[in-house]
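Engineer: To start, I am sharing the structure in question, which I have written as structure tokens.
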Amino acid sequence: MSRVGKRPVPVPSGATATVDGQTVKVKGAKGELSFVVPEEVSVALEDGAVVVNPRDDSKVARAKWGMSRSQVENLVEGVTKGFERRLEINGVGYRAAVAGKVLKLSLGFSHDVDYEIPAGITITTPKPTEVVVAGIDRQRVGQTAAEIREFRSPEPYKGKGVKYSDEFIFRKEGKKK
């Protein structure tokens, strides 16, 4: 039994949810999102909450049950609060700046790295060494943050590179003489 899947997803007063077959659509103050629930799982709207249940007791249905419920919860949270991911840039001369729809990163290469900001995502740089990726779709926010981090992953000796603000970098000891 999925402990996550058992709990219904409450829809707050600022959002509206509709279930049409296997499609769940949630509309809120920040926008509208939808998710198509797999066929192995049934979804219904009961008492102002979205309820997700497996259609049978197969292993596949049980595996997709909790995941489907989490996806629906992410829709509701996205249209009401939104999601954000913070990145920190460490290194001498490493910095970031937003110019229009492009994030310009100076990461120690011979050239600046230009990253096109995807639609539905907002990127801000409160400080030259801090990047904030925000949006309503949790998957797209995480993917965008991962792509930015991938340009220069943090190295274990000095910690230089782009890292998540809540990430811990294991440090290695350098060469001994």
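Engineer: Could you please give the count of residues in segment 125-165 that are loosely packed, with under 13 Cβ neighbours inside 10 Å, under 23 Å from F83 (Cβ atoms) and of a type in the set (S, T, Y)?
Structural biologist: Looking only at that region, the number is 2.
Engineer: What are the residues in segment 79-102 that are over 30 Å from A17 (Cα atoms) and among the aliphatic types (A, V, I, L, M), if any?
Structural biologist: Of everything in segment 79-102, those that are over 30 Å from A17 (Cα atoms) and among the aliphatic types (A, V, I, L, M) turn out to be L87, I89, V92, A96, A97, V98, A99, V102.
Engineer: Any residue at all in segment 46-59 that's out of contact with any helix residue (DSSP H, G or I) (no Cβ under 7 Å at 6 or more places or on another chain), of a type in the set (A, V, I, L, M, F, W, C) and assigned by TED's automatic domain parsing to the domain that holds V9?
Structural biologist: Yes, the conditions are met somewhere in segment 46-59.
Engineer: Given the condition within 30 Å of M67 (Cβ to Cβ) and either at pLDDT 95 or above or not assigned by TED's automatic domain parsing to the domain that holds M67 (or both), answer yes or no: does some residue in segment 87-107 qualify?
Structural biologist: Yes, because at least one residue in segment 87-107 is within 30 Å of M67 (Cβ to Cβ) and either at pLDDT 95 or above or not assigned by TED's automatic domain parsing to the domain that holds M67 (or both).
The values are calculated or read from the model by the stated rules, or taken from the named source; none is laboratory data. Computed from a predicted model, the values in this text were never measured in an experiment. Glycine gets a Cβ as well: all are built from the backbone with ideal geometry, and neighbour counts include every protein chain shown.
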